Amino acid sequence: MYDFDWSSIPGALPFLWEGMKISLEITLVAVIVGILWGTLLALMRLSGISPLAYFAAGYVNLFRSIPLVMVLLWFFLIVPQFMQAVLGLAPTADTRLVSAMMGFALFESAYYAEIIRAGIQSVPKGQVAAAYALGMTYGQAMRLVVLPQAFRNMLPLLLTQAIILFQDTSLVYVSALADFFGAAYKVGDRDGRLVELLLFAGAVYFVLCYGASYAVKRLQRRVSA
Amino acid sequence: MISIRRVSKFYGDFQVLADCSTEVKKGEVVVICGPSGSGKSTLIKCVNGLEPFQSGEIVVDDVSVGGPKTDLPKLRSRVGMVFQHFELFPHMTIAENLIIAQTRVLGRRPNEAMDKGLKLLERVGLTAHAEKYPGELSGGQQQRVAIARALSMNPICMLFDERTSALDPEMINEVLEVMVKLAQEGMTMMVVTHEMEFARKVARRVVFMDEGRIVEDARTEEFFGAPRSERAQQFLSKILHH
C-alpha cells in the first residue's frame, strides 16, 4: 500500500499560488482577446464579402483542425525569435508567458468565432431590418441591436468555453512554464511526492471548474427565464 | 411622395413582383391587400430599400431608392416603417427603443429625444410602460410602441406591414385607432392590411395584389362597390364574410 504524505503541500502553497496566477492570467488574456478577435472573425465570415469570409473560414478551420499542444509549441518557438527581431530583446529574455498568451488567444479565437457566429445568427433577421428601417448603418445595427442580443444569448457558452480554456492552460507544461499544474509538478518532483501533488492539483482544478460550471448553469437559468 | 414604376423582383427564377406601378401622393393613405404570398410585404419593403429589386424605379420624395448614389440609411431615417412582428429591440426598455435611433441616427440630444419619446408614448396611450421591456407588453401594445418608434424620427411617410390577424380583436381596435388618427392628421401612409374596415374608413385608394401583380388600383369606394377583377371579388367576398 502506497504511503500518502501530504506534508510538502502547506509549505509549497505560495509557490502554487504564483502558478495559479499565471494560469488565471493566461485564461483572462485569451478570453478577452479571443472574444474580440473571435467577434471580428464571425463578422467577417458573415459579411458576404468573399475575401473576408474565406479568410475567416480558413482561419477558423485551420485552428480547429490542429492540436492545441502543437500550436503552443509553435508559439514557444516562433514568438521569441519574433520579439527579438522586432523589439530587440536579448536572446535570453523569457517570453514564454507572452508566447503562451498569444498562442491561446489566437487558438481560442477560432472557437469563440464559431460560438459568436451562432449567436449572431440566433438574432432574428427582422431585428436587423428594423434597425436598418430606422436609418442605422450596418455598423450601428450590429453594435446597438444584434451583438448585445447575441452576447446575451451566448453568455453561458462563452463562459463554458472560458472554463475549458482554464483547464487547457495546463498544457503550457510543454514550455516548462510554471502555471498551477507546472508548479505542482515541480514541487512533487522535488520532494518525490508527485502522486500527492498531482492529486491535490486535480482536486483544485475540479473544485474551481465544477464550481464555475455550476454558476454558469444558474446564470443560464436566469437568462432564459 | 412615393412613386413606384414598373418594379419587378426575382428570387432566382421565381418572380415575386411583376411590373408593379402605383403612386402615393402627399397626405394620401393607400391600403394594399391581397392573398398571402401575393407580394404585398415585399412591395412595401422595396419602398425603403430593405428588399432590392431588379428592374423598375421607386422614387421617394424625389430620391431614387435603387439609385447608385442614394444614401439609403438617410432615406430610411425619413421613412417610418412598422413591421409585421413589430421588431422592438427586446434588450432595451420601451423608452430606450424610442430614443436610440433619434440619438444615434439623427444626432438629437438625449433629453430632447426622451421628451419626444415620452410625448409619442402618451399619444399611443402607453406612458405607464416606459420602463418596461417589450416582452412585458401585449401584442397590441408592442405594435403601438413600434408606431411611436417610427414616428420618433419625424418621418415624411409611413409604411405599415400589418398583419393584425396576429392580434385579438380588442387589440386590433386599439392599434387601428392610433392609425386612423395618424391618417386624419395627414400622414402619408402605405398600409398592408387585411382590415377592410380600416381601408374603408381612411384609405383614398386600395391596391389589390395577386401573384406579384397589381391587379387592381382603385379609389376605395369603387374597390368596395364594384371591384373589376374576378380575383378581387373573390378575395373581398371571402374576407368580408369571414
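Only the coordinates and a few stated rules stand behind these numbers; no lab work does. It should be emphasised that the depicted structure is a prediction, and the values quoted were computed from it without experimental measurement. No Cβ is skipped: glycine too gets one built from the backbone with ideal geometry, and neighbour counts run over all protein chains shown.
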Whole-Hz Karplus ³J(HN,Hα) for region A:207-224, in order, using 6.51 cos²θ - 1.76 cosθ + 1.60 and θ = phi - 60°, x for Gly and Pro? 4, 5, 6, 5, x, 5, 4, 4, 4, 4, 4, 5, 4, 4, 4, 5, 5, 7
Specify the angular offset, from 0 to 90 degrees and rounded to the nearest 10, of the alpha carbon long axis of helix B:230-240 from the longest principal axis of the alpha carbons in chain B. 40 degrees
Arrange the following residues from fewest to most other Cβ atoms within 10 Å of their Cβ: A:Phe181, B:Phe235. B:Phe235, A:Phe181
Can you compute the charge dipole magnitude of region B:187-242 about its Cα centre, using +1 on each Lys and Arg Cβ and -1 on each Asp and Glu Cβ, nothing else charged? Give it in debye, rounded to the nearest 20. 120 debye
Environment charge of A:Thr27, counting only residues whose C-beta is closer than 14 Å and scoring Lys/Arg +1, Asp/Glu -1: -3
Taking the Cα centre of region A:113-225 as origin and charging only Cβ (+1 Lys, Arg; -1 Asp, Glu), how large is the dipole, in debye to the nearest 20? 600 debye
quick note, the protein assembly as shown, DSSP beta bridge pairs, % antiparallel (nearest 5) is 55 percent
Counting pairs of alpha carbon atoms under 8 Å apart in space and at least six apart in sequence, what relative contact order in percent does chain A give? 29 percent
For the protein assembly as shown, the charge dipole (Cβ of Lys, Arg +1; Cβ of Asp, Glu -1; about the Cα centre) points to a positive end, and the Cα of B:Met189, B:Gly135, A:Ala178 closest to that extreme belongs to B:Met189
Rg(Cα) / (2.2 N^0.38 Å) computed for region A:53-175, rounded to two decimals: 1.36
Whole-Hz couplings from phi, Karplus 6.51/-1.76/1.60, listed for region A:189-197; x for Gly and Pro: 5, 5, 8, x, 10, 4, 4, 5, 5
Which whole number gives the average count of other chain Cβ atoms within 10 Å of the Cβ atoms across peptide B:92-99? 1
Using only alpha carbon positions, build the gyration tensor of the protein assembly as shown, then give the equivalent ellipsoid semi-axes as the square roots of 5 times its eigenvalues, largest first, whole angstrom. 60, 24, 19
The alpha-carbon center of region A:36-82 and that of region B:172-242 are separated, in whole Å, by 55 Å
From the phi of every residue in region A:113-118, what ³J(HN,Hα) in whole Hz does the Karplus formula 6.51 cos²θ - 1.76 cosθ + 1.60 yield, where θ is phi - 60° and glycine or proline is x? 4, 5, 4, 5, 4, 4
Set the Förster radius R0 to 60 Å, insert the Cβ-Cβ distance between B:Lys238 and A:Phe151 as r into 1/(1 + (r/R0)^6), and round the FRET efficiency to 0.05. 0.85
Nearest 10, in degrees from 0 to 90: the angle of helix B:169-184 to the longest Cα principal axis of chain B is 90 degrees
Pair B:Arg228, B:Glu211: separation of 7 Å Cα→Cβ label points (nm): 1.9 nm
Residue-averaged beta-carbon neighbours from other chains (10 angstrom radius) around A:135-141: 5
For region A:9-224, average projected area of the Cα convex hull in nm²: 14.9 nm²
Peptide A:123-132 - average C-beta neighbours from other chains (10 Å radius): 6
Would you work out the relative contact order for region B:85-139, in percent, from Cα pairs under 8 angstrom that are 6 or more residues apart? 48 percent
Would you work out which of A:Leu52, B:Ala18, A:Tyr2 lies farthest towards the positive end of the dipole of the protein assembly as shown? Charges go on Cβ: Lys and Arg +1, Asp and Glu -1. B:Ala18
Quick check for you: which residues of region B:198-240 have the amide N under 11 Å from the point 7 Å beyond the Cα of B:Ser64 toward its beta carbon? none
Candidates A:Met154, A:Met136, A:Met20: whichever shows maximal mean-square fluctuation once chain A is modelled as a Gaussian network with Cα springs under 10 Å: A:Met136
With a Förster distance of 35 angstrom and the Cβ-Cβ distance between B:Ser36 and B:Lys201, calculated FRET efficiency to the nearest 0.05 equals 0.90
Theoretical gain in end-to-end length, A:Leu36 to A:Leu198 [0.36 nm per residue, Cα-Cα removed]: 54.9 nm
Which entries of B:Lys9/B:Lys181; A:Lys21/B:Lys132; A:Lys125/B:Lys119; B:Lys25/B:Lys132; A:Lys125/B:Lys116 have Cα-Cα distances beyond 32 Å here? B:Lys9/B:Lys181; A:Lys21/B:Lys132; B:Lys25/B:Lys132
In debye, nearest 20, what is the charge dipole magnitude of region B:143-231 about its Cα centre with +1 on Lys and Arg Cβ and -1 on Asp and Glu Cβ, if you could check? 300 debye
Where is the GNM fluctuation largest for chain A (alpha-carbon springs, 10 angstrom cutoff): A:Tyr132, A:Tyr54, A:Tyr214? A:Tyr132
Taking 8 Å as the Cα distance limit and 6 or more residues as the minimum spacing, I'd like the relative contact order of chain B as a percentage. 27 percent
Treating the angle as unsigned and between 0 and 90°, give the value, to the nearest 10°, between the Cα long axis of helix A:50-64 and the longest Cα principal axis of chain A. 20 degrees
Sorted by Cβ neighbour density within 10 Å, fewest at the top, the residues A:Ser175, B:Ser36: B:Ser36, A:Ser175
Within a 10 angstrom radius of the beta carbon, how do A:Trp37, A:Trp74 rank from fewest other beta carbons to most? A:Trp74, A:Trp37
Can you give me the Cα centroid spacing of region B:86-157 and region B:19-82 in angstrom? 23 Å
Given the -39500 (n - 2.57) contribution per DSSP H run of 4+ residues, what per-residue ellipticity at 222 nm results for chain A, rounded to the nearest 500 deg cm²/dmol? -27000 deg cm²/dmol
